[in-house]
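Taking it in order: structure first as structure tokens, then the write-up.
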């Protein structure tokens, strides 16, 4: 699977761990930065990730900032992204199964490496259920189109 990851300065260390782990698992991984502790603005890196998903460069995305909130807001400004901020594997699986989320957001200051990996595993290993959920996901796209 093609997966893009991005983080701000608060999330870069966890992102780097996940990049290495995903590559070891055989995924094609794009690291969109940031790559160090110097302060950066999460919207820049969220936008990079959103563009990678919207362009088809990546099938799924993983975003990390201190809380996971700011970067998820930035990513969700792109209409083709459905970013879910999660803290546990069940939420990650449901984000895929019910919402067809294509980006996962994690809070590096709130969750450890083991839980982050469990969330990513659930996210990548769960298929979208479709059915009644498809109607709801389609409704999100229509609402955006109607507001333009």
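Looking only at the range 14-40, residues that are outside any loop (DSSP other than H, G, I, E, B), in contact (Cβ under 8 Å) with a residue 24 or more places away in the chain and surrounded by fewer than 16 Cβ atoms within 10 Å (Cβ to Cβ) come to 2 in all. Per the listing 74, 54, the residue uniquely touching a helix residue (DSSP H, G or I) at 6+ places or on another chain (Cβ under 6 Å) and either under 20 Å from residue 20 (Cβ atoms) or in contact (Cβ under 8 Å) with a residue 12 or more places away in the chain (or both) is 74. Going by the structure shown, is residue 11 over 17 Å from residue 78 (Cβ atoms) and in contact with a helix residue (DSSP H, G or I) (Cβ under 9 Å, 6 or more places away or on another chain)? Considered against the rule, which asks whether it is over 17 Å from residue 78 (Cβ atoms) and in contact with a helix residue (DSSP H, G or I) (Cβ under 9 Å, 6 or more places away or on another chain), residue 11 comes out as yes. Taking residue 6, is it at pLDDT 95 or above, part of a loop (DSSP other than H, G, I, E, B) and in contact with a helix residue (DSSP H, G or I) (Cβ under 9 Å, 6 or more places away or on another chain)? Judged against the criteria, residue 6 is not a match. Return yes or no: is residue 105 touching a residue at least 24 places away in the same chain (Cβ under 8 Å) and within 17 Å of residue 3 (Cβ to Cβ)? Yes; evaluated as a whole, the condition is true for this residue.
The values are calculated or read from the model by the stated rules, or taken from the named source; none is laboratory data. All values derive from a computational prediction rather than experimental measurement. Here Cβ is always computed from backbone atoms with ideal geometry, including for glycine, and neighbour counts include all displayed protein chains.
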